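Chemist: Structure incoming, see below.
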Amino acid sequence: MHATQRTKGPRSSSLLDGRGACTAALALLAAGCSTTRWPAGSSRELIEAPELIARRAKVRSENGTAELSMAWIGARVPPGLERIERATFVVYRDDDGDERPALHEVLVARESLELAEKVVFHDFRVAARPRLRARLALRLGVVPYEFDFAFARD
């Protein structure tokens, strides 16, 4: 698992820029995001630091299909500290090998613009193929965090 924290350099542009971004973000929130407790089951830790905890469910292969699935991914901050201002999760095909999601490579995208102590995105399913990657990008105040990992069976 590869996790990085970026505090300098270019930032990825939003997948939902332009008109209707607020409406689209609200629809995404309703469809696949919650701010309740961590889901049950085993998890993988992306980071556990005093200012931020990020975890994800295992990536599983679906029996009888050529699909990979992950039940959830999320992050939370302790009460009283900087809240999560933006959270984006993407699963992408890394065709060019640069480990950065380009718009034409993105297979699944979820985004939350809600100011929250906790954000959880649910239910991801993609066709298994080579070079699948995933990225959870968070912004706490002016500090961006990015967590990358191969989207492959754990």
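Readers should treat all values here as calculations from the given coordinates under stated rules, not as data from a laboratory. Computed from a predicted structure; not experimentally measured. A quick note on method: Cβ atoms are made from the backbone with ideal geometry, for glycine too, and the neighbour counts reach across all protein chains shown.
Chemist: Mind counting the residues in the range 133-147 that are crowded, with 19+ Cβ neighbours inside 10 Å and either free of Cβ contacts under 8 Å to residues at least 24 places away in the same chain or not aromatic (Phe, Trp, Tyr) (or both)? Reasoning before the result, please.
Modeler: Start the filter on the range 133-147 by keeping residues that are crowded, with 19+ Cβ neighbours inside 10 Å, which leaves 133-138, 145, 147.
Still in the running and either free of Cβ contacts under 8 Å to residues at least 24 places away in the same chain or not aromatic (Phe, Trp, Tyr) (or both): 133-138.
Qualifying residue count, the range 133-147: 6.
Chemist: If you take the residues in the range 107-132 that are β-branched (Val, Ile, Thr) and touching a Gly at 6+ places or on another chain (Cβ under 9 Å), which one is surrounded by the most Cβ atoms within 10 Å (Cβ to Cβ)?
Modeler: Across the range 107-132, the extreme among qualifying residues is Val119.
Chemist: Those residues that are under 23 Å from Glu45 (Cα atoms) and surrounded by 17 or more Cβ atoms within 10 Å (Cβ to Cβ), I need them from the range 86-106; list them, please.
Modeler: Result: Arg86, Ala87, Thr88, Phe89, Val90, Val91, Tyr92, Arg93, Asp94, Pro101.
Chemist: So Val77 passes all but one of these: (1) closer than 15 Å to Tyr145 by Cα; (2) surrounded by fewer than 17 Cβ atoms within 10 Å (Cβ to Cβ). Which condition number does it fail?
Modeler: Answer for Val77: the failing condition is (2).
Chemist: Only one residue in Tyr145, Tyr92 is part of a strand (DSSP E or B), touching a Leu at 6+ places or on another chain (Cβ under 7 Å) and farther than 22 Å from Pro39 by Cβ, so which one is that?
Modeler: Being part of a strand (DSSP E or B), touching a Leu at 6+ places or on another chain (Cβ under 7 Å) and farther than 22 Å from Pro39 by Cβ holds for just one of Tyr145, Tyr92, which is Tyr92.
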